[in-house]
Amino acid sequence: MSELENCELCEWRCGVNRLAGERGVCRVGSPEVAATSLSGTLKSYSVTLLGCCYRCLHCNAYRISQYPDPLWWYGRHISPEELVSDAETRIRAYGESVYSRSACSDSGKEFKEKLEIDKISFTGGDPIIHLPYIEEVAGVLRKRGSKLGVGLATGGFCTSESMERIAGICSSITLEIKAFDDEVHRALTGAPVEPVLRNASYLAENAREKIRVFRTVAIPGMTDKQVVKIAEYIAALDPEIPYRLIGFRPNFVLYYHPGPEKEMMERLAEKCRDAGLKDVAWSGYYPEAYPEGIERKAEILEKRYSGNQEAGLTAAYALDTGCPTHPRNCGECELRDNCPATLREPWNRR
């Protein structure tokens, strides 16, 4: 970790001694882990690291990215060996659980393969400011002969040298291009866009097979027009690169700024396809009306809640996710250990 004594990992190239308490733009010293989690959907053991080289106005994890300034305290420094050991233990237990579930399924093999964890992924904040730590984790995996890869989700504001190192150790890379015009990128993140576009080009040319997705948060009136410019840029690099649009969720400085409607997200995705991209998808929107079918479900449930309209409408959302017990009584529900309404992202509601 001696590299942090003169840190020039991101394009700010602050040159501060983070190990001695000096603070650059990212404001953090030694790598600290805010949280870890397992995701069958992402097929990863995810590690959230504190700190970021950006100051994004729309950050949905600002207490993590702007650490320690928000005065929310999280985890601690975890040695690479301890982190890998924890990952292996939890992945093993998860695999046994998936195996037992797949044994009861008609398509058990496919089910098991779909949920099999294949990497340790780093996110934040932005984990690029902790690149030496990630490299040490990768080194531990190699020493142990592990088949786990290394994933990284980043805003891409790192030096060319750092990006080459990232491409060298990672098996999966997600790059978020927040805006295309430098003025918009600076206004939103506080940083220039050129390094991000340069690094996106480098990945497309030198590590294409490692790109999981490029993505952009669609913010009405701010980045919605940027999306097509970004799509054209990516298409010129490689039209097969997957591009994902994320509907802005009001947060942080932009807490009172409106999110996009479904029609906007669909329209933007179509424009990206028109720009030449072959693989475009989106998630997240903010409707002004009840979702389709909710009012009908509310009418049905109202009777079960003693004719209370408010209760009927509220419970309709639980029913829509598959909640079978009405009136709701989680303590006696047969699905309480596998609740279909638990941890359901809004865009995965159906």
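Largest mean-square fluctuation among 178, 297, 119, in a Gaussian network model of the chain whose springs join Cα atoms under 10 Å apart, belongs to 297. Helix 160-169 sits at what angle to the longest principal axis of the chain, using alpha carbons and giving 0 to 90 degrees rounded to 10? Value to nearest ten degrees: 60. Could you state the angle between the C-alpha long axis of helix 224-237 and the longest principal axis of the C-alpha atoms of the chain, as a value from 0 to 90 degrees rounded to the nearest 10? Orientation of helix 224-237: about 60 degrees from the principal axis.
Label sites at residue 207 and residue 238, each approximated as a point 7 angstrom past Cα along Cα to Cβ, lie 1.2 nm apart.
Taking Cα atoms only, the orientation of helix 80-102 departs from the longest principal axis of the chain by about 30 degrees. Take the convex hull of the alpha carbons in the stretch 169-294; its mean projected area over all directions comes to 8.8 nm². Placing one equal scatterer on every Cα of the stretch 2-283 and applying the Debye formula, the log10 ratio I(q)/I(0) at q = 0.07 Å⁻¹ is -0.26. Starting from the Cα of residue 81, step 7 Å toward the Cβ, then list every residue of the stretch 121-142 with an amide N under 15 Å from that point. In the stretch 121-142, the label zone of residue 81 (backbone N under 15 Å from the point 7 Å along Cα→Cβ) covers 136-142. Comparing mean-square fluctuations of 247, 151, 139 from a GNM of the chain with C-alpha springs under 10 Å, the top value falls on 139. The calculated pair-distance distribution of the stretch 155-207 uses every alpha carbon pair, bins of 5 angstrom beginning at 0, and gives 4, 22, 32, 21, 13, 7, 1 percent.
Distance cut-off 32 Å, Cα to Cα: go down the list 43/262; 119/278; 210/262; 143/210; 119/297 and report the pairs above it. Long pairs (Cα-Cα over 32 Å): 119/297.
A short reminder: the numbers here are calculations on the coordinates, not readings from a lab. This is a predicted model, so every value here is computed, not measured. Backbone-built Cβ (ideal geometry, glycine too); neighbour counts: all protein chains shown.
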